[in-house]
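Reading through the structure tokens given below for one structure.
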Amino acid sequence: MNQLMNPRRTEKIVFFFLLLSTLVVVLPVILVVGIIVVRGSSVLSWEFLTALPRMGMKAGGIFPAIFGTFCLVVGTVVFALPVGIFSAIYLSEYSKRGRLTRLIELAIVNLAGVPSVVYGLFGLGFFVVFLNFGASILAGSLTLAVMSLPVIITASREALQAVPKSFREVSYSLGATKWQTIRHAVLPHALPGILTGTILSLSRAAGETAPILFTVAAFYLPKLPKSVFDQAMALPYHLYVLSTQVPNVKLELQYGTALVLVALAVLMNIVGIVIRSYFRTKKQW
Amino acid sequence: MVEKIQVQDLSAYYDGALALKKVNLTIYDHEILGIIGPANSGKTTFLRTLNRMNDFSPGFSYEGSVRIDGKDVYRDWEVPQLRKSVGMVFAIPTPLPITVFENLAYGPRRHGIRSRKRLSEIVERSLKAAFLWDEVKDRLHESAMKLSGGQQQRLCIARTLAAEPEVILFDEPCSGLDPISTAKIEEAMRELNKQYTLVLVTNNTKQAARVSDRVAFFLMGELVEIDETEKVFTIPKDERTEGYVSGRYG
């Protein structure tokens, strides 16, 4: 009994299991990234990144897919960021605490948990068919924007509420109006948090396949889109097509595409982290 | 003497609980009114009613009236205009995490002043009036958070002045400061008194004695006594006042 309760032994056992759990989390990530890098880096070349696909996608590059994903991300930011910030401002600064507000908050939390394929079907029904945008960058961006909104709103609200109450009091006490207070004393100090949340949700949106499946993604389109009403290729869907729809594609090509997609997501996350740490060193309250 | 602020039968409540009980008093133009009293005596509630900062306290309600320049603060004044005219310095120094200059320019900018030259003039004049100019004139574009506690509080006074108020409310402005910083702020208050009407809430009875022209003593939400400073401290009319100023209440 005495030996079982030995605190030093307990310490070691606890430490072991905590470490094990962490490894279980980290190991698959390392493996996935490792395998993709090892098998995909051989096809990486300037041509792969900048050329159009040839021979039914079995050769050439993936530039249209990269460009398409870039367009979708830009479109998502354009639609989701303003709407997300404004509704977060409304919810955290203007709305009165009541049943309606709680209902809206509940809806937003639940929307964040809706599977992405459901957003895809919504986009098909609403943007593509009802609003008659057709399968287009516009419809795809709007669908991804709708999917990103709950995360952006939640992150923005938290960032707004983290701004100390004294900033608002000072601003009001100097004779500022409500909007002036939000615009000049609250928003600037919440912006880093808002941007970080937005970038992280964008990197997720950039890698989603289901929402773009019915709304924008082209199976094979060896040219660049000319307007927002055109279809476009996109990296996640291109990867799906290469892996399952086209016979006899070199495995390296698939891994190369996956590598570009992962690199894109990592890059965006790094930008998010850099913004956050830059402002954390400047933040002094 | 011109009457600047008239308070009539002012009662205040938080969620129905009484915080101020039928307070009647008059504050004159260009005087320093000290408000003393123990914790929970309603002095801060009273102060925050004068510029309607109580609007942000959940459950706040009031009865009676507060008139500034003859206009009722709850009926006749535009709230931003009221707060511009009735500035406030808080208990804890509250610089915004932006530069000294931008802190000072915050009020004027919100009131529509764009010209860089005008702003610079206002910043310099306000910092000088708060006795801070010499210490920060070379650091105007550094973060205000780098200043010491006493400097930050004088920055807050200067920032209030920059909004060009007529009345300034001080809510225990020296509660977290050392004696030398306190002395500097008291010096600033006496100088400001030539131009502004000051209301000073303080837990420090001696400070009220040093600075104020008149003193009001609050207890449990009631205005017990208001009179010239010397009278309150030497021949108070109410024995509760006497007990408080002579230190019997600790």
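The values are calculated or read from the model by the stated rules, or taken from the named source; none is laboratory data. Just so you know, these numbers come straight off a predicted model, no measurement behind them. In this analysis, Cβ positions are derived from the backbone assuming ideal geometry, glycine residues included, and neighbour counts consider all displayed protein chains. Surface accessibility is based on the protein's heavy atoms, side chains included, excluding ligands, DNA and RNA. Shrake-Rupley method; radii C 1.70, N 1.55, O 1.52, S 1.80 Å.
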Would you check if A:Val170 is open to solvent by less than 50 Å² (accessible area, probe 1.4 Å) and without any contact (Cβ under 8 Å) to a residue 60 or more places away in the chain?
yes
Does region B:231-244 include one or more residues that are closer than 14 Å to B:Gly34 by Cα and either among the aromatic types (Phe, Trp, Tyr) or exposed (fewer than 13 other Cβ atoms within 10 Å of the Cβ) (or both)?
yes
Could you please give the count of residues in region A:203-243 that are without any contact (Cβ under 8 Å) to a residue 40 or more places away in the chain and farther than 22 Å from A:Thr143 by Cβ?
1
Do you know which of the residues in region B:124-159 that are of a type in the set (Lys, Arg) and more than 14 Å from chain A (Cβ to nearest Cβ) is least open to solvent (accessible area, probe 1.4 Å)?
B:Arg154
Of all the helices (runs of 4 or more DSSP H) wholly in region A:155-271, which have at least 1 residues that are of a type in the set (Gly, Ala, Ser) and more than 17 Å from the chain's Cα centre (by Cα)?
A:165-173, A:187-207, A:235-244
Just for region A:173-208: of the residues that are within 24 Å of A:Ser116 (Cα to Cα) and open to solvent by 40 Å² or more (accessible area, probe 1.4 Å), which one is nearest to the other protein chains (Cβ to nearest Cβ)?
A:Leu195
Residues of region A:27-51 being open to solvent by 80 Å² or more (accessible area, probe 1.4 Å) and in contact with a strand residue (DSSP E or B) (Cβ under 8 Å, 6 or more places away or on another chain), which ones?
A:Glu47
Here are some conditions: (1) open to solvent by less than 40 Å² (accessible area, probe 1.4 Å); (2) within 26 Å of A:Glu93 (Cα to Cα); (3) of a type outside the set (A, V, I, L, M, F, W, C); (4) more than 14 Å from chain B (Cβ to nearest Cβ). A:Arg276 meets all but one. Which one does it not meet?
(1)
Quick check on my filter: what residues within region B:1-46 are among the basic types (Lys, Arg) and open to solvent by less than 50 Å² (accessible area, probe 1.4 Å)?
B:Lys4, B:Lys43
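This table checks each residue for (1) open to solvent by less than 40 Å² (accessible area, probe 1.4 Å); (2) within 30 Å of A:Arg168 (Cα to Cα).
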position: A:Asn6; (1), (2): no, no
position: A:Pro53; (1), (2): yes, no
position: A:Leu91; (1), (2): yes, yes
position: A:Lys96; (1), (2): no, yes
Of everything in region B:58-91 that's part of a loop (DSSP other than H, G, I, E, B) and within 14 Å of chain A (Cβ to nearest Cβ), which residue is most open to solvent (accessible area, probe 1.4 Å)?
B:Glu78
Of the residues A:Gly84, A:Gly120, A:Gly68, only one is surrounded by 17 or more Cβ atoms within 10 Å (Cβ to Cβ), touching a strand residue (DSSP E or B) at 6+ places or on another chain (Cβ under 7 Å) and part of a helix (DSSP H, G or I); which?
A:Gly68
Out of curiosity, is A:Leu253 surrounded by fewer than 20 Cβ atoms within 10 Å (Cβ to Cβ), within 18 Å of A:Gly56 (Cβ to Cβ) and in contact (Cβ under 8 Å) with a residue 12 or more places away in the chain?
no
A careful count of residues in region B:92-116 that are in a loop (DSSP other than H, G, I, E, B), open to solvent by 20 Å² or more (accessible area, probe 1.4 Å) and more than 7 Å from every other protein chain (Cβ to nearest Cβ) gives 7
Is it the case, given these coordinates, that B:Ala188 is hydrophobic (A, V, I, L, M, F, W, C) and away from every other protein chain (no Cβ under 14 Å)?
yes
Every pair of residues 6+ apart whose Cβ atoms lie under 8 Å, when the first sits in region B:169-192 and is closer than 11 Å to B:Gln151 by Cα while the second is assigned to a loop (DSSP other than H, G, I, E, B) and open to solvent by less than 40 Å² (accessible area, probe 1.4 Å)
B:Ser181/B:Cys174; B:Thr182/B:Cys174; B:Ile185/B:Pro173; B:Ile185/B:Cys174; B:Ile185/B:Leu177
